[in-house]
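The values are calculated or read from the model by the stated rules, or taken from the named source; none is laboratory data. Note that the structure is a prediction, hence the values are computed from the model and not measured. Note: ideal-geometry Cβ built from the backbone for every residue, glycine included; neighbour counts use all protein chains shown. Ligands, DNA and RNA are excluded from the accessible area calculation, which covers all protein heavy atoms including side chains. Shrake-Rupley method; radii C 1.70, N 1.55, O 1.52, S 1.80 Å.
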There are 4 protein chains.
Amino acid sequence: MTYNLLKGKKGIIFGALNDMSIAWKVAERAHEEGASFVLTNTPVSIRMGEIHKLAEACNAPVIPADATSTEDLENLIRQAMEHFGGKFDFILHSIGMSLNVRKGRTYDDLDYAYLMKTLDISAISFHKVLQTARKLDAINDWGSVVALSYVAAQRTLYGYNDMADAKSMLESIARSFGYIYGRDKKIRVNTISQSPTLTTAGSGVKGIDALMDFTDRMSPLGNASADECADYCITLFSDLTKKVTMQNLFHDGGFSNMGMSYKAMNMYNKGLDNFQLTD
Amino acid sequence: MTYNLLKGKKGIIFGALNDMSIAWKVAERAHEEGASFVLTNTPVSIRMGEIHKLAEACNAPVIPADATSTEDLENLIRQAMEHFGGKFDFILHSIGMSLNVRKGRTYDDLDYAYLMKTLDISAISFHKVLQTARKLDAINDWGSVVALSYVAAQRTLYGYNDMADAKSMLESIARSFGYIYGRDKKIRVNTISQSPTLTTAGSGVKGIDALMDFTDRMSPLGNASADECADYCITLFSDLTKKVTMQNLFHDGGFSNMGMSYKAMNMYNKGLDNFQLTD
Amino acid sequence: MTYNLLKGKKGIIFGALNDMSIAWKVAERAHEEGASFVLTNTPVSIRMGEIHKLAEACNAPVIPADATSTEDLENLIRQAMEHFGGKFDFILHSIGMSLNVRKGRTYDDLDYAYLMKTLDISAISFHKVLQTARKLDAINDWGSVVALSYVAAQRTLYGYNDMADAKSMLESIARSFGYIYGRDKKIRVNTISQSPTLTTAGSGVKGIDALMDFTDRMSPLGNASADECADYCITLFSDLTKKVTMQNLFHDGGFSNMGMSYKAMNMYNKGLDNFQLTD
Amino acid sequence: MTYNLLKGKKGIIFGALNDMSIAWKVAERAHEEGASFVLTNTPVSIRMGEIHKLAEACNAPVIPADATSTEDLENLIRQAMEHFGGKFDFILHSIGMSLNVRKGRTYDDLDYAYLMKTLDISAISFHKVLQTARKLDAINDWGSVVALSYVAAQRTLYGYNDMADAKSMLESIARSFGYIYGRDKKIRVNTISQSPTLTTAGSGVKGIDALMDFTDRMSPLGNASADECADYCITLFSDLTKKVTMQNLFHDGGFSNMGMSYKAMNMYNKGLDNFQLTD
């Protein structure tokens, strides 16, 4: 079902790699809802991924940009404004990466140069996007900016490593810049805290399958999919959520407010039974 | 702008008194978005208010019910199901009242019979609605239930009195029942924590004007209006937010995550200056 | 080890039934730390439990009171003030009970008279204690009031039922009354959110053993014991925490801020393995 | 009053500059409570401040270290262990600085090299301290690590700038490392979120006086002083709080859970009156 919720709206979508990406799904849904947008990713992600397929389907230009480079961002935003013939309305930030995770450095053995990279890519890039857009006065009043986060920003999960600290900082940036951008330009800034999702990035997280089984059984509605996340993004880009800002919005089937579910406890109990039989 | 977001959806809306009511605005917007619904309120509110005007405009039956009476609720829900020819999709709970506030009893001088009334009307009624609907299997899978709350559930505001405790409990009920209703029927249950709003109920709160000036200057986007709240409700009743449940969602222009804004501090400083001059 | 942390301090301790009770442990530790106090419980709990043993060991009078009765509370506090020859310094509220749980009514089949009882015993009683103390001006400036809570106030746990709503309300009362009592008398009011604990009350919760295994493996420091909770209470009654108020303080080995631990995931995985083998 | 709460305990205290510093007060109180410790700060802070006075009064060695340098930290911790003849029990991290604030760069005009500095000094240094201590196995089982934070980690305050993001990250590090250090060594890691305090660092924050007037009137117990913060730290280093970990503990007279107080509203209203008279 489509509703023309984003008819006439223009935006920039960061982070679509392939059709497992949340950003990919958001682009597809935004297109269906009548938005036009620019797609962007790093040159290497563009080469490795399939963004051009998406671009074709959505009739969207692809402008490469490393979101940690303010120069690239300036270029991207200027080009986007040229493309649109003026300001635009929304931005999706779906970017995150930890070299410490990739290289198998545990959280008590961080490489601090890698940590700086994690922060720059996964959190500070969001500030850079916002600051650059603000300086170029690129977003229309009552525009909407969304970044994707994860519950690790509030609660520690084994193996999520320095990405937890990056997500905490990301959510803080949404609040800090949300205040300024709201006050000055009526633009809202929020994060969506999404269920663990089997994107190419998500697959890298250790034990993701078992974790996803757990969160699925803990969540009364089950894990939220990338498609469902795209639907939710659409509401946040629409004119129906104009006064929602500086929030971290859980889109997770209820996981964030669960302490223990019947289903997850049952599975845990099987573990206990097994343990007591064999131990 | 309308989008047909609720095309074919059916629901029950509690709490429309007059055109200042949030529930009134939700009804108007739900109607515009293609929903059909039953309006309900207590017999006395129906007499004192103007719900029949709304009913006519929205082509909606009015079925009186005291939401603290499970008998009334059963009757209401049965009649609604008859009216719709089956199950429905959404419920709005916009009900709250404190006799302690009305009678001027301060929070350190509560009348406990009044407190029980506050809880029954403002919080337990939400459980009664949910339990009755669940027993009658009245809501379609992937339905959506929303209740209106206030930030006093988290933070103490002078004069809000025992309504703060009722709102805390209301939000807890959304979580507790949201787990069960999600697990069993895929139905989501959320609360919206709305800016202070000049409804007939809101007007009763002491010093509401000055408080609203403060929250407006604190909130980067200003206070959220009843109309904007209605827009937000629509997204929560739509199919675009299927995996959002057990959440308390702040719809407040950013107030909930502000510590101090430039504008509010400026006004406070005027108070300090004045104070230092004259004191 | 003892420190004389409560030397000269006087208080009232609610809720000691037997030596599994947290309140019992708090009494023992408060005694060791130099406090004198009055013990209280309902007449039936006094008969069924062993409070007189504790009273003897701590040289403390036992004054029966039903904490839902303002008359009983008035009598208790007056007698305590007579006993102490004046005001006192601290109160521990360790009271909770749900007839819905006891009678096996699930959360979607609550008996509302029972729910009212749950609220009255487990939450409103705290307000009654505070309001009565306030009216009798019974607590010294910079006194400290603590009630015991549980993480179910924030997150839904299967089987905890209407006690979750009661605990949410209890924590709200701590904030609401904490504001007034702090402003007027410099008295602080907090709740401790304690690990699941095998008290006589705790034992009634369904599946408590398996849940405690889970929370123990989730918590980096393991579950907090009743003895450790008593130690923590002592710090909150002492003069070293004078500016901590209106807070809910987690005393749970870290559970509240965990999303998933290595140990709990391991056990869950055993369940998954088992499940996949046999299913 | 002293209690010998830290008798026999050894630790490292970061961040004492002069007698306005919270770390200074913590050192004094830790000394009174029977602890022995090493004082540390950057070479420049040691030159500019008066740490040697404190060192003399507490009979504590001063070992210079830049907390952003893992080399310095290694040297510091090795020397501390030599000094103590083995492991120690507690660490206080009271370090924070923003070049963006100092140089008057607003949050929408951040210098990103400065931001990296802010993060390195104010947040990552905490990780470096923990990781270095962990690698050198420097802290006794059941030891306690505390860092000082501020409510800006949760709520945006005009002018607090990139320190808000740093504090969010700091609190995340406490959770992330608290999990590991708790699981492996039973060591707890917490942050204290302290009232705005007129330290040499605090004085740099724009409009700090007016803000402190506001927070003081908002907080039922008034702002917490540096001395009171020291008292609270003592409880967290003591054996009475062994199961408190991964928490952010508000020590702020109740501010964090206030929405609006009578006193602050009164002052705000004076501003409104003044405004309406003269505007």
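From the mean inverse distance of alpha carbon pairs (Kirkwood) and the Cα radius of gyration, derive Rg over Rh for chain C.
Using Cα coordinates only, the ratio equals 0.99.
I'd like to check one number: the per residue accessible area of the range C:10-278, probe 1.4 Å, reported in Å² as a whole number.
31 Å²
Under a Cβ-only charge scheme (Lys and Arg +1, Asp and Glu -1), can you give me the dipole magnitude of the protein assembly as shown about the Cα centre, in debye to the nearest 20?
That gives the protein assembly as shown a dipole magnitude of about 0 debye.
Using a ≥ b ≥ c from the Cα gyration tensor of the protein assembly as shown (square roots of the eigenvalues), is it rounded, prolate or oblate, where a/c under 1.5 gives rounded and otherwise the larger of a/b and b/c decides, a/b for prolate?
rounded
What's the angle, to the nearest 10 degrees (0 to 90), between helix B:22-32's Cα axis and the longest principal axis of chain B?
With rounding to tens, the tilt is 50 degrees.
Compute the signed sum of charges (Lys and Arg +1, Asp and Glu -1) over the other residues within less than 9 Å, Cβ to Cβ, of D:Lys263.
+1
May I ask for the angle, rounded to the nearest 10°, between helix C:262-278 and the longest principal axis of chain C, with both axes built from Cα atoms and the value confined to 0 to 90°?
40 degrees
What average count of beta carbons from other chains do you get within 10 Å of the Cβ of residues in A:246-252?
6
How much net charge surrounds C:Met169 when only other residues with a Cβ under 12 Å from its Cβ are counted (Lys, Arg +1; Asp, Glu -1)?
Here the charged neighbours net out to -4.
Please list, by residue number, everything in the range B:8-49 whose backbone N is under 17 Å from a paramagnetic label point 7 Å out along Cα→Cβ of B:Glu71.
Answer for the range B:8-49: B:42-44.
What is the diffusion coefficient of the range C:57-201 in µm²/s, taking the Kirkwood radius over Cα pairs and the Stokes-Einstein relation at 20 °C with a viscosity of 1.002 mPa s?
Rounded, D is 134 µm²/s.
Find, among the GluC sites (Glu not before Pro) in the range B:31-108, those assigned to loop by DSSP (not H, G, I, E, B) with at most 14 other beta-carbon atoms within 10 angstrom.
Those satisfying the criteria are B:Glu50.
Between B and D, which B residue has the Cβ nearest their rotation axis, distance in Å?
B:Gly271, 2
Roughly how crowded by other chains is peptide C:213-219, in terms of the mean Cβ count from those chains within 10 Å of each of its Cβ atoms?
Mean shielding by partner chains, rounded to a whole number: 4.
Averaged over peptide C:4-12, how many Cβ atoms belonging to another chain are found within 10 Å of each residue's Cβ?
Average per residue, whole number: 2.
What is chain A's relative contact order, in percent, from Cα pairs under 8 angstrom and six or more apart in sequence?
Computed value for chain A: 18 percent relative contact order.
From Cα coordinates alone, what are the radius of gyration and Dmax values for the range A:1-122 in angstrom?
Cα-based Rg and Dmax for the range A:1-122 come out at 15.9, 50 Å.
Can you work out ³J(HN,Hα) from phi for every residue in the range A:237-252, in order, using Karplus 6.51 cos²θ - 1.76 cosθ + 1.60 and θ = phi - 60°, giving whole Hz and x for Gly and Pro?
7, 6, 7, 8, 10, 5, 9, 9, 8, 6, 9, 9, 9, 6, 10, 8
I need the trypsin sites (Lys or Arg not before Pro) found in the range D:73-160, filtered to DSSP loop residues with at most 15 other beta carbons within 10 Å of theirs.
Sites meeting the loop and neighbour criteria: D:Lys103.
Determine the sum of side-chain charges near A:Val151: Lys and Arg each +1, Asp and Glu each -1, restricted to other residues whose C-beta is under 10 angstrom from that of A:Val151.
Overall, the nearby charge balance is +1.
When the label point is put 7 Å from the Cα of D:Trp142 along its Cα-to-beta-carbon vector, which residues of the range C:1-40 have a backbone N closer than 11 Å?
The answer is C:1.
Which distance in nm do the two modelled labels at A:Lys103 and C:Asp239 give, with both placed 7 Å along the Cα-to-Cβ direction?
Going from the A:Lys103 label point to the C:Asp239 one covers 5.3 nm.
Given the options A:Val189, A:Leu211, A:Cys229, identify the residue whose Cα lies farthest towards the positive end of the charge dipole of the range A:139-279 (+1 on Cβ of Lys, Arg; -1 on Cβ of Asp, Glu).
Farthest along the dipole direction, towards plus: A:Val189.
Rank-order C:237-249, A:17-29 by packing density, defined as the average count of other C-beta atoms within 10 Å over each peptide's residues, highest first.
Ranked from most to least packed, the peptides come out as C:237-249, A:17-29.
Along Cα→Cβ at 7 Å, what distances in nm separate the D:Asn75 label point from those on the other copies, shortest first?
Once sorted, the set of distances for D:Asn75 reads 4.3, 7.2, 8.4 nm.
In deg cm²/dmol and to the nearest 500, what is the mean residue ellipticity at 222 nm of chain B if only DSSP H runs of at least 4 residues count, each as -39500 (n - 2.57), divided by the residue total?
Calculated at 222 nm, the ellipticity per residue is -14000 deg cm²/dmol.
Over chain C, what percent of the accessible surface lies on carbon and sulfur atoms, probe 1.4 Å?
Here carbon and sulfur together make up 47 percent of the probe-accessible area.
Under unit Cβ charges (Lys, Arg +1; Asp, Glu -1), what dipole magnitude, rounded to 20 debye, does chain A have relative to its Cα centre?
Dipole magnitude for chain A comes out near 680 debye.
What are the distances, in nm and sorted shortest first, from the label point of C:Asp108 to the label points of the same position in each other copy, with each label point placed 7 Å from Cα along the Cα-to-Cβ direction?
For C:Asp108, the inter-copy label distances come out at 4.4, 4.5, 4.9 nm.
If the label for C:Met48 sits 7 angstrom from Cα along the Cα-to-Cβ line, what are its distances to the same label in every other copy, in nm to one decimal, shortest first?
Output for C:Met48: 4.3, 6.3, 6.5 nm, nearest copy listed first.
Given springs between every Cα pair under 10 Å in a Gaussian network model of chain A, which of A:Gly207, A:Gly159, A:Gly11 has the largest fluctuation?
A:Gly207
Specify the angular offset, from 0 to 90 degrees and rounded to the nearest 10, of the alpha carbon long axis of helix A:163-185 from the longest principal axis of the alpha carbons in chain A.
Here the helix axis deviates by roughly 30 degrees.
A:Asn248's amide H: which non-local residues (gap 5+, or another chain) put their own amide H closer than 5 Å, with H modeled 1.01 Å from N in plane and none for Pro or chain starts?
HN-HN under 5 Å from A:Asn248: A:Thr191.
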